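S.K.: Please read through the structure below; I'll follow up with questions.
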Amino acid sequence: LDGNGRTIIVVHTELAQRAGIGIDWAATNKTAYLQALTEEIERPGGGHLDNYLRPFLREAVGVERLAEHVLTTRGLDGRA
């Protein structure tokens, strides 16, 4: 199980970036995010994840800064 949450955040960040959207992961709550993700998986199309992430949407950081953005995100930065 170790690393699954971090992996999905990296994947989610990349997909959002491709859509021209940035997500302020530092402002999110891990437990609430994982709950919304679980609800979306269990009941697809309900907008659970969209509704949770909407307040954290930002302008995309640009592909040249994406790696830096991911590596400095709390939980992905190697710090507890």
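We did not get these values from a lab; they are worked out from the coordinates using the rules stated. All figures in this text were calculated on a predicted structure; none of them were measured in a lab. Neighbour counts are summed over all protein chains in view; Cβ atoms, including those assigned to glycine, are modelled from backbone coordinates with ideal geometry.
S.K.: Report the extension gain between Asn51 and Leu34 in nm, rounded to one decimal, defined as 0.36 nm multiplied by the number of residues separating them, less their alpha carbon distance.
M.R.: Values: separation 17, 0.36 × 17 = 6.12 nm, distance 1.30 nm.
Contour length minus Cα-Cα distance gives 4.8 nm.
S.K.: At 7 Å along the Cα-to-beta-carbon direction for both Val10 and Glu59, put a label point, then send me their distance in nm to one decimal.
M.R.: A separation of 2.8 nm, rounded to one decimal place.
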